[in-house]
1. Where in the stretch 1-55 are there helices (runs of 4 or more DSSP H), lying wholly inside it, with at least 3 residues that are touching a Lys or Arg at 6+ places or on another chain (Cβ under 8 Å)?
2. For the stretch 204-227, which positions are loosely packed, with under 13 Cβ neighbours inside 10 Å, at pLDDT 95 or above and hydrophobic (A, V, I, L, M, F, W, C)?
3. How many of the residues making up the stretch 142-172 are among the hydroxyl-bearing types (Ser, Thr, Tyr) and buried (at least 21 other Cβ atoms within 10 Å of the Cβ)?
4. Would you mention how many residues in the stretch 113-146 are at pLDDT below 90 and charged (D, E, K, R)?
5. Yes or no: MET137 over 19 Å from LYS194 (Cα atoms) and of a type in the set (A, V, I, L, M, F, W, C)?
6. Do any residues in the stretch 149-172 that are more than 16 Å from GLU10 (Cα to Cα) and touching a residue at least 24 places away in the same chain (Cβ under 8 Å) have Cβ atoms under 7 Å from those of residues that are of a type in the set (Asp, Glu) and surrounded by 14 or more Cβ atoms within 10 Å (Cβ to Cβ), where the two are at least six apart or on different chains, and which pairs are they?
7. Here's a check for you: in the stretch 62-109, which residue that is charged (D, E, K, R) and assigned to a loop (DSSP other than H, G, I, E, B) is surrounded by the fewest Cβ atoms within 10 Å (Cβ to Cβ)?
8. Is at least one residue of the stretch 119-142 touching a strand residue (DSSP E or B) at 6+ places or on another chain (Cβ under 9 Å), farther than 30 Å from ARG221 by Cβ, not β-branched (Val, Ile, Thr) and not in a strand (DSSP E or B)?
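The values are calculated or read from the model by the stated rules, or taken from the named source; none is laboratory data. Please read all numbers here as calculations on a predicted model, not as lab measurements. Cβ atoms come from the backbone with ideal geometry, glycine included; neighbour counts cover every protein chain shown.
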Amino acid sequence: MRIPDAKLAEIWDRGFTVVEGFLDPETLSAAQEALWGYYPRPEDYFANPDAWPKLAKSQFAGLRLYPYNSWALNRVPVYPDLIDAAERFLQTKQVDVYKIELWAKYAGAIDYDQAHHRDYGNHTLVVPRADGLMPQMTCFILLSDVTELDGPTKAVPIDKTRHLPIGVNRVEMGEFFDDEVAVTGPAGSILIYKTDVFHRGSNFGAPGRSRFVMPVDFKPRGWAWQGKHA
């Protein structure tokens, strides 16, 4: 699905946008099936969580880095509509994808709650420019349905945080709970946000739930001070 111009504009106005139905059904289904080459199926995990102790070591234990052993997964970061969105948002045809990950979470494995934070700290050597020059486009592609019970990412619209200096990249737990928006949607949806947007991971709201996403991030080519763990 080609992302409408209005949705890309919302990233500048609100700090983030969510587009449902982004991946076509065939691409989504193939990617979902390929997940089980890296993770236990939810029914297998919850039948015996102790069989996968590594998933309980940290909030980030479910991360798996690109490349993958399946074209069904490797093709998602170069999905034509994703590249098109990056070129339009970054306003250049010369783009780099600088981070590709898979991320699985299982209810009860660990406490996934986080305080609100900005992502630029490990994406660029300097703070993002206030004038919007030199942007980065960060994305979460949902590979499973995500409801309020499934540990959704929770983002804060930028009009609620403009009073904070750009150098502040983390706040106390709970400070923006009243302002946050849960990013929910069916599998195949995409969240796109800027690195200066306050957001957080949240815990699951019920047992037996799981969440699978693919984070993919883009930047204009040649800007060497930007990149994961910059």
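1. Working: elements: 5-14, 25-34, 42-47.
Those helices (runs of 4 or more DSSP H) span 5-14.
2. ALA206, the sole residue that qualifies.
3. 1
4. Here the count works out to 2.
5. Considered against the rule, which asks whether it is over 19 Å from LYS194 (Cα atoms) and of a type in the set (A, V, I, L, M, F, W, C), MET137 comes out as no.
6. LYS154/GLU180; ILE166/ASP196
7. LYS93
8. No.
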